[in-house]
Amino acid sequence: MSNQPLETVFLKEQSKDFLELKLEETHYWISRYANHLASTVQILEPLAYSREVSSLLSNETLNRYRGVSYSLSFPYKNYKREEFKEENKNLKALEQGFLVQSWSNLGSLLESTFQLFLSFYYRDYINSTHWNVWNETTVSQLQEALTGKFSDILKDIVKDNQEKKIEGVTSKIRKSFEKKVKKVIADKSVMPAIDAITLSDLIQFYFGESVINQQEYSKASVETINKYRNSIHSFKNRHIGTWAELNEYSKIVLMLIIGILHRLPDLPDEIECEHNYFAEERALSQQEYKWFDYIL
């Protein structure tokens, strides 16, 4: 990030071939590019800034990332299989269920892609002011207030309520409130763990730090993926995106994965890779130039 040229130097003008990709094709290419991204990070991991990221870039987490990309296509395939069963009277309900699964998977893949990139560029992550971590003086002053005059004021309110028989702040509520405030102070005194950051916060970070070019990807479109992902909370009254929308936003994720691949460092000459890694890299590069015209 800070030591990398912004992905946004060039804009990608989408070709007819890319625009006309069907959903199954989009998911197929996502799985290939995501797998290649995981393989590239796996090779480059020894060059990462901090050993603190070793657990985040382990074989287990990278294989899980690959697994999410591979499974992205399953809900739609299952839906199409059910669609051909004429006796299936629950197709509409099944479609809603499969769409919920699809958006959940797509949101998870987007979140993991963002986390993967931040894990590798750990220096930029810890140096960012975006997370608004409070300094030691701020934390100390708030803790002192909470255990001093502020706490005494709350105790007086509780006592006054008891004497006047007012249904207000009780001792139990006071203790619960103070416990929650202490947790907020504790949380704001340290950097949030990369693997604990929500997709919503990651979106704010990526656009706030200009990692993502808003001329190429609108913040609203990426936030829509997160909104549709939350359709998993099925008892809330919310719109679930259609298959056509899933294809549209899956292409955005595909472009983001390609963009992040370009943001990683080149492989040093001394690093040995299997022959099929370079064969896949050439194949994906050729495919990319069929889809996009790069313009300033």
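The values are calculated or read from the model by the stated rules, or taken from the named source; none is laboratory data. Predicted model only: the values in this text are computed from it and were never measured. Reconstructed Cβ throughout: ideal geometry from the backbone, glycine too, with neighbour counts over all protein chains shown.
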Test: residue in region 158-168 that is assigned by TED's automatic domain parsing to the domain that holds Met255, among the hydrophobic types (A, V, I, L, M, F, W, C) and on the phi < 0 side of the Ramachandran plot: no
Test: residue in region 217-237 that is within 23 Å of Tyr122 (Cβ to Cβ), assigned by TED's automatic domain parsing to the domain that holds Gln14 and surrounded by 11 or more Cβ atoms within 10 Å (Cβ to Cβ): yes
Matching entry among Asn127, Asn59 (being among the polar types (S, T, N, Q), closer than 21 Å to Ser39 by Cβ and either in the same structural domain as Gly241 (by TED's automatic domain parsing) or touching a His at 6+ places or on another chain (Cβ under 7 Å) (or both)): Asn59
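In region 242-277, which residues are of a type in the set (A, V, I, L, M) and within 21 Å of the chain's Cα centre (by Cα)?
Leu246, Ile252, Val253, Leu254, Met255, Leu256, Ile257, Ile258, Ile260, Leu261, Leu264
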Ser176 of a type outside the set (A, V, I, L, M, F, W, C) and surrounded by 12 or more Cβ atoms within 10 Å (Cβ to Cβ): no
Checklist (1) surrounded by 10 or more Cβ atoms within 10 Å (Cβ to Cβ); (2) modelled with pLDDT of 95 or more applied to Thr242, failing item: (2)
Residue ID - surrounded by the fewest Cβ atoms within 10 Å (Cβ to Cβ), chosen from residues in region 62-96 that are assigned to a helix (DSSP H, G or I) and acidic (Asp, Glu): Glu83
Spans of helices (runs of 4 or more DSSP H) in region 109-176 with at least 1 residues without any contact (Cβ under 8 Å) to a residue 40 or more places away in the chain: 136-147, 149-164
Region 68-90 - residue that is under 16 Å from Asn247 (Cα atoms) and among the basic types (Lys, Arg) and, of those, modelled with the lowest pLDDT: Lys80
Qualifying residue in region 43-51 (condition: within 22 Å of Ile194 (Cβ to Cβ), of a type in the set (Phe, Trp, Tyr), in contact (Cβ under 8 Å) with a residue 12 or more places away in the chain and assigned to a helix (DSSP H, G or I)): no
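Go through Phe205, Phe278 for me and flag whichever is among the hydrophobic types (A, V, I, L, M, F, W, C), within 26 Å of Leu56 (Cα to Cα) and without any contact (Cβ under 8 Å) to a residue 60 or more places away in the chain.
Only one candidate qualifies: Phe278.
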Matching residues, region 112-136, being under 14 Å from Ser189 (Cβ atoms) and either in contact with a Cys (Cβ under 9 Å, 6 or more places away or on another chain) or not β-branched (Val, Ile, Thr) (or both): Trp131, Asn132, Trp134, Asn135, Glu136
